[in-house]
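The values are calculated or read from the model by the stated rules, or taken from the named source; none is laboratory data. Just so we're clear, the structure is a prediction, and the values are computed from it rather than from any experiment. No Cβ is skipped: glycine too gets one built from the backbone with ideal geometry, and neighbour counts run over all protein chains shown.
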Amino acid sequence: MASILLTLLIGPLAAFFPRSWRRALPFAENVRWGLAALLSGLLEFAASIVALGHWYLFEMMRITDTIVGSQSSASHPMGITDHQVSGASLFYFALHPFTWLLAFFFFEGALRLCAAVATGSVLPAFPILLLERMLFLLRHRSELQPGQALRENAASFYEGIWERVHAARQPELPDQLRSTAVDSEEFLEISASRRKADWVPPKTVRVDDLYYRLEGFTVGKGTHPFHYSLRRLERGVPGRTVLLYNTGNATQFIRR
């Protein structure tokens, strides 16, 4: 019940934030982000339509009154027709910066809604994402060179686009699992057709009844390009931050 309330009430607003900010929220593990992203995109899309409608009525009326008032007070009226007044008002309305701003949120909301419906992706609002990137660069300006930061941002952008294209072209397939033993340690490799949300090293993953430490993550090619490397732990403690995984969903489980 709490998960549904968080997803419906707070999740759509939190979905405007970038992934790093969402993970820092205390209730992040209890939100169904796919549904929250869908509602967030729908909210932005609908709000922009309503705002555009109100702005159109207000601005068109103001511009029309200004033109008619200027003609009435002129010593030599030009005799402008109603069609000319409407055309001039619409022209000024279309060029107004606030109209462009509302149009941006209209298209962004439509894009975020389509991404959530098609692939379950949680696309943050671009202004907030830009702010997060600027704050990140300010905090790490002593560590990152401008060229390096540009390359990292470009790589991140390309990776995100590639994942969406891959998700649109390839069907979602069961995971492939491979278990190996090296000396006295056991390792598990999971290959997936989709990126797993919140699977970031070094998180703890409960695989059935066993606990593993997520050691690494790489992206390759093929039908299962997302590879997760896990190392077996002697013991684990259940908690809200522990990721749960069921091997019954895998297509094959190879033990070596």
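Among the residues of region 91-106, the ones that are under 9 Å from residue 52 (Cβ atoms) and loosely packed, with under 13 Cβ neighbours inside 10 Å come to 0 in all. Among the residues of region 219-256, the one identified as in contact with a Pro (Cβ under 9 Å, 6 or more places away or on another chain), farther than 24 Å from residue 34 by Cβ and either charged (D, E, K, R) or at pLDDT 80 or above (or both) is 229. Counting only helices (runs of 4 or more DSSP H) wholly contained in region 1-63, the ones carrying 2 or more residues that are of a type outside the set (Asp, Glu), modelled with pLDDT of 85 or more and under 12 Å from the mean Cα position of the chain (by Cα) occupy 11-14, 19-23.
Here is a yes/no grid of residues against (1) under 13 Å from residue 37 (Cβ atoms); (2) modelled with pLDDT of 90 or more; (3) not in a helix (DSSP H, G or I):
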| residue | (1), (2), (3) |
| --- | --- |
| 89 | no, no, no |
| 98 | no, yes, no |
| 116 | yes, no, no |
| 122 | yes, no, yes |
| 129 | no, no, no |
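Within region 173-214, the residues that satisfy the criterion of being of a type in the set (Gly, Ala, Ser), assigned to a loop (DSSP other than H, G, I, E, B) and surrounded by fewer than 18 Cβ atoms within 10 Å (Cβ to Cβ) are 184, 197.
Restricted to region 64-85, and to residues there that are of a type in the set (S, T, N, Q) and exposed (fewer than 11 other Cβ atoms within 10 Å of the Cβ), the residue that is modelled with the lowest pLDDT is 75. Out of (1) surrounded by 15 or more Cβ atoms within 10 Å (Cβ to Cβ); (2) among the hydrophobic types (A, V, I, L, M, F, W, C); (3) farther than 30 Å from residue 97 by Cβ, what's the single condition that is false for residue 37? Of the numbered conditions (1) surrounded by 15 or more Cβ atoms within 10 Å (Cβ to Cβ); (2) among the hydrophobic types (A, V, I, L, M, F, W, C); (3) farther than 30 Å from residue 97 by Cβ, the odd one out for residue 37 is (3). Exactly one residue out of 51, 88, 110 is touching a residue at least 60 places away in the same chain (Cβ under 8 Å), outside the structural domain of residue 199 (by TED's automatic domain parsing) and either surrounded by 11 or more Cβ atoms within 10 Å (Cβ to Cβ) or of a type in the set (S, T, N, Q) (or both), and it is 110.
Taking interchain pairs and intrachain pairs at least six residues apart, which have beta carbon atoms under 7 angstrom, with the first residue in region 239-256 and within 14 Å of residue 178 (Cβ to Cβ) and the second modelled with pLDDT under 75? Listed by first residue and then by second, the contacts come to 247/253.
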